[in-house]
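The values are calculated or read from the model by the stated rules, or taken from the named source; none is laboratory data. The shown structure was predicted, so the numbers you read here are calculated from the model rather than taken from an experiment. We place every Cβ from the backbone using ideal geometry, glycine too, and count neighbours over all the protein chains shown.
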């Protein structure tokens, strides 16, 4: 048996199929992954993401520390609650993890990192924080619920106090607001609007039940994966890892090159790669015909071989899509499925935008 989130009993009571995910017992679906996917695209679904790690950092030099630790620049976060998506790199420019960092108040920041990398992330952060006198506090007593879909915000507003609901009504994307003992961020991993709510673990089941009572459907990690793939969002360990850089992973936009004198970890290697141009890049593929694209399938291109990094049937499109790492300059490709090459189109992600097909073939 793996580690359990505070919502484990709620999942079991709802008939979830539980699987191991990064050492945690997590729901893959509650009966129909396809229905759960469509529920999020059309109304609202909620995900237990309590296996992810919340890490709070404090100290007078925290801002300077994070400007060195992360490829994006926290100096962009001008107001309390502002958030930033970024990669945390190793000295060779490889991606140790992708994460979101929030500014809480002067000298205090919050990071949310991936479940599969949480132990190595906390160790890496703690090691480098020592030089800055920054306190690193992992918060295992907290849970996290993501509520996503076109009806998600209204549902959340209905289960919090009137005061917090009023504040959330004006909350911009990639900003967070604290209240009612909650930390509510207008972020997500589905391509839909909604919130990611950090809640005390002992209050998570009650919040989950109140959201369910308002028609928010429990949604498993299976639908979360197809939703994020349709939205063209990378999955750590599949589409990026410590052997790939942001420039090779479609994440060059997350690197803050200015100011030029900001010395972040991995910068020197990335500067050289940017100047020369990466030899391989991440692209979107759309299958032309029947079949299913999966990760680790061979991609035959006009510039040489590549490989799919993740792939699946995309319910919103009713066809199969994938992300793939291919030689730079690739203009045409085929994917080997069970030893046979199949035609694919190259389409810049996202494949689905604002709930609607966004193929650029």
Looking at segment 349-359, which of the residues that are assigned to a strand (DSSP E or B) and surrounded by 13 or more Cβ atoms within 10 Å (Cβ to Cβ) is farthest from the chain's Cα centre (by Cα)? 357
Those residues of segment 312-348 that are more than 27 Å from the chain's Cα centre (by Cα), crowded, with 19+ Cβ neighbours inside 10 Å and not in a strand (DSSP E or B) come to a total of 0
Residue pairs, Cβ under 7 Å, 6 or more apart or interchain, first in segment 4-15 and over 16 Å from residue 49 (Cβ atoms), second assigned to a loop (DSSP other than H, G, I, E, B). List them. 14/30; 15/30; 15/31
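If the requirement is being touching a helix residue (DSSP H, G or I) at 6+ places or on another chain (Cβ under 8 Å), surrounded by fewer than 16 Cβ atoms within 10 Å (Cβ to Cβ) and outside any strand (DSSP E or B), which of these qualifies: 163, 222, 191, 215? Step through it out loud before you land on a result.
Working: 163 fails: touching a helix residue (DSSP H, G or I) at 6+ places or on another chain (Cβ under 8 Å); 222 fails: surrounded by fewer than 16 Cβ atoms within 10 Å (Cβ to Cβ); 191 fails: surrounded by fewer than 16 Cβ atoms within 10 Å (Cβ to Cβ).
One residue alone meets the criteria, 215.
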Among (1) more than 29 Å from residue 234 (Cα to Cα); (2) in a loop (DSSP other than H, G, I, E, B), the one test that residue 172 misses: (1)
Positions within segment 240-250 being within 22 Å of residue 221 (Cβ to Cβ) and either touching a helix residue (DSSP H, G or I) at 6+ places or on another chain (Cβ under 9 Å) or outside any loop (DSSP other than H, G, I, E, B) (or both), in sequence order: 240
Within segment 301-311, residues more than 21 Å from the chain's Cα centre (by Cα) and closer than 21 Å to residue 249 by Cβ come out as 301, 303, 304, 305, 306, 307
For segment 272-298, how many residues are in a strand (DSSP E or B), in contact (Cβ under 8 Å) with a residue 40 or more places away in the chain and out of contact with any helix residue (DSSP H, G or I) (no Cβ under 6 Å at 6 or more places or on another chain)? 7
Can you find, within segment 141-160, the residue that is surrounded by the most Cβ atoms within 10 Å (Cβ to Cβ) among those that are in contact (Cβ under 8 Å) with a residue 60 or more places away in the chain and in a loop (DSSP other than H, G, I, E, B)? 149
Just give me the residues in segment 90-118 being closer than 10 Å to residue 241 by Cα and buried (at least 21 other Cβ atoms within 10 Å of the Cβ), in sequence order. 95, 96, 97, 98
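Regarding residue 229, is this residue touching a helix residue (DSSP H, G or I) at 6+ places or on another chain (Cβ under 7 Å), within 24 Å of residue 324 (Cβ to Cβ) and modelled with pLDDT of 95 or more?
no
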Out of segment 251-271, which residues are assigned to a helix (DSSP H, G or I) and either touching a strand residue (DSSP E or B) at 6+ places or on another chain (Cβ under 7 Å) or at pLDDT below 95 (or both)? 254
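Within the group 180, 121, 206, which residue is out of contact with any strand residue (DSSP E or B) (no Cβ under 8 Å at 6 or more places or on another chain), closer than 30 Å to residue 23 by Cβ and modelled with pLDDT of 95 or more?
206
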Members of segment 313-347 that are within 20 Å of residue 233 (Cβ to Cβ) and modelled with pLDDT under 95: none
Name the pairs whose Cβ atoms lie under 8 Å apart, with the first residue in segment 161-184 and without any contact (Cβ under 8 Å) to a residue 40 or more places away in the chain, the second loosely packed, with under 12 Cβ neighbours inside 10 Å and not in a loop (DSSP other than H, G, I, E, B), and 6 or more positions between them or separate chains? 179/163
Could you tell me how many of the residues in segment 119-137 are crowded, with 19+ Cβ neighbours inside 10 Å and assigned to a loop (DSSP other than H, G, I, E, B)? 1
